[in-house]
Amino acid sequence: MNDFLSEIDQQLLAGVRAGNSSDWEELVSQFHGRLLAFARRRLGQNADAEDAVQETFLSLLKSLNSFRGEASLETWLFQLLRRRIADAHRRAGRDLQVPLCLSDSRSATDEKSLSMQPVIAFEQSASWYVRQKEQRTQQQSELLQAVTAATDRLKEEKRFRDLKTFDLLFFAHWKNQAIALELGLEETAVAVLKHRFIQRVSKQLNMSGPSDNLTERSSGLLSDVWRDGRPSCPKRTTLGKYVLGILPEDWDDFVTFHIERLGCEFCAANLEDLNAEINAPSDGSVNLMRGRILESTVGFLNPQIRSDPAG
Ligand SMILES: [Zn+2]
C-alpha cells in the first residue's frame, strides 16, 4: 500500500532501501529541520532534542521493511519522533506531556493549574502507534485512508468551516457547545456535521448501517486518526505559500486558524523550519547537525548493497 506516498517519496525510499547513501542524504536534509523544530518545541533547546531526531532517523532505517506507506513519509517520521520524545521524557523521569494541539481542552489553561494538574499522559493514550509495535493494523490504515479521503474532499470544496469543526472536535476535544460559540454555529449544526462526517467515513469503509457505527467509540478513533495521521494539516507547499503571504484568502484563513487558534504543533514546527529556511538558507549550525546525523546513521544502510558515490 502506497496511498500516502508521493512519487518522490517512493523513489527516495526505494533508493534508501537499496542502500544508496545519496538518497539517504537527501531524505535527511529534507526532513531534519522540521523534526528538530518539533523536538525543540517539546524538549527544549538542548542536546535531548538533537538526540531524539538522530534516533528518529535510525528508527526509520530499522523500520524500513515494515513501512508500507500507511502514512506520508513526513507523518511517519513525526510518529517515530514522538515515540523518541516520549522515551526522553520517561528517561528524565517526567510524565507530563505537552499536547500536540495547544487548544486541547484536556490541557491545563495556565501554569498554576498545570503544576497542580495530575499527570496528563497525552502521548500514552489509546493511540495505536504507541503500542510496542511500530506497525498499524490493516483496519487502522483503512480508517486513516477513509478519513483522509473525506478531509481532502472538504479541502477541494473549500468547506473550511467544516474542517475547523472537525479540528476542534477530534484534535482539540472541544464540546459541541464551545465549537458552536467559536464558529458562530447552532449547537445542533455541529452535531449534524459530526454525524454526517462519520457517516461519510463509514460509507467509504463500506460499513453497513452507518448509523450503527455512530457510537462513542467513533470520536475516540477519529481523535487517534487526527493526532497520528494529521488528515486536516495543510501540505508543506501550502505552508510555504502561507509564509510568503500568497495563499487565497479562504485558505489563508484556515491555515491561520489551524496554527494559531488550534495550535497544531506539527504545522507550527513546519512553519518554524520554513521561516528559518527563508531567513537563513545556509545556517552553518544546521549543516553541522545534518552532518552529524549522516555520520551516525549511514553505517546502518544496507551494507551489502550500499552504493559508493565515489566509486
Ligand atoms: Zn497541522
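Values in this text are rule-based calculations from the coordinates and carry no lab data. Keep in mind that this is a model prediction, so the values were computed, not measured. In this analysis, Cβ positions are derived from the backbone assuming ideal geometry, glycine residues included, and neighbour counts consider all displayed protein chains.
Pulled fully out, how much extra length does the chain show between ALA14 and GLN30, if you take 0.36 nm times their separation in residues and subtract their Cα-Cα distance?
Between ALA14 and GLN30, full extension yields 4.2 nm more.
Strictly over 22 Å apart at the Cα level, which of LYS155/LYS194; LYS194/LYS241; LYS155/LYS235; LYS164/LYS235; LYS175/LYS203; LYS194/LYS235 would you flag in this model?
LYS194/LYS241; LYS175/LYS203; LYS194/LYS235
Could you calculate the contour length gain from LEU294 to SER219, that is, 0.36 nm times the residue separation minus the distance between their Cα atoms, to one decimal place in nm?
22.9 nm
Find the eigenvalues of the gyration tensor of the Cα atoms of region 138-230, then list the square roots of 5 times those eigenvalues as equivalent ellipsoid semi-axes, largest first, in whole angstrom.
Working from the Cα gyration tensor, I get semi-axes of 20, 14, 13 Å.
For VAL192, put the label point 7 Å out on the Cα→Cβ axis and report which residues of region 134-176 keep their amide N under 18 Å from it.
Within reach of a label on VAL192: 159-166, 176.
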